[in-house]
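So the structure is just underneath, and the comments pick up after that.
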Amino acid sequence: MKKRNKVSAEFSMSSLTDIIFLLLIFFMLTSNTVQINVDLPQSDSKTVAPTDLSVQLFKNGKILVNSKNTSKKNLEKRIAVELKPQTNKDNGTISIIAETGVSWSRIHDVMKIASGLEIKAIIATAPRSN
């Protein structure tokens, strides 16, 4: 009688988990270097949300808080100072007006400041061009 040699059809999962782990590390490291530049959303709406404060961001790095020039370093302090005399502190709102081409990281920084001060942030939309 002949003896049959069976080929094992097993698959080792350990090498697959190593590859997935390395891919995860790669994407985590490279995701911080990716810049997302998205144009402002456009709207047909004529509704204007009530705001207590406006923050204007320009491509050249200039920042205006209620039409007063400020730096990125002093932005949080300037926002807090401008909001102090407001009577509606529970529903305080910042309107973020960003020039087309401003990176989302700068807009996100203003949104984080608003969150830290426990006030709402609204991103202004550009009027839809026909």
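Numerical summary
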item	result
Cβ-defined net charge surrounding LYS72, 9 Å radius [Lys, Arg +1; Asp, Glu -1]	+1
Violating pairs (Cα-Cα greater than 21 angstrom) within the set LYS59/LYS84; LYS62/LYS84; LYS59/LYS112	LYS59/LYS84; LYS62/LYS84
Under the Karplus curve 6.51 cos²θ - 1.76 cosθ + 1.60, θ = phi - 60°, whole-Hz ³J(HN,Hα) for the range 108-117, x wherever Gly or Pro sits	5, 4, 5, 5, 5, 4, 4, 5, x, 8
Sequence-distant residues sharing a close amide H with ILE63 (under 5 Å, placed H)	THR70
Under Karplus coefficients 6.51, -1.76 and 1.60, residue-wise ³J(HN,Hα) of the range 61-66 in Hz, glycine/proline x	x, 5, 10, 10, 10, 6
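Each reported figure results from applying straightforward, stated rules to the coordinates on display, with no laboratory input. Since this is a predicted model, take the numbers as computed values, not measurements. Positions of Cβ are generated from backbone atoms using ideal geometry, with glycine treated the same way; all protein chains shown enter the neighbour counts.
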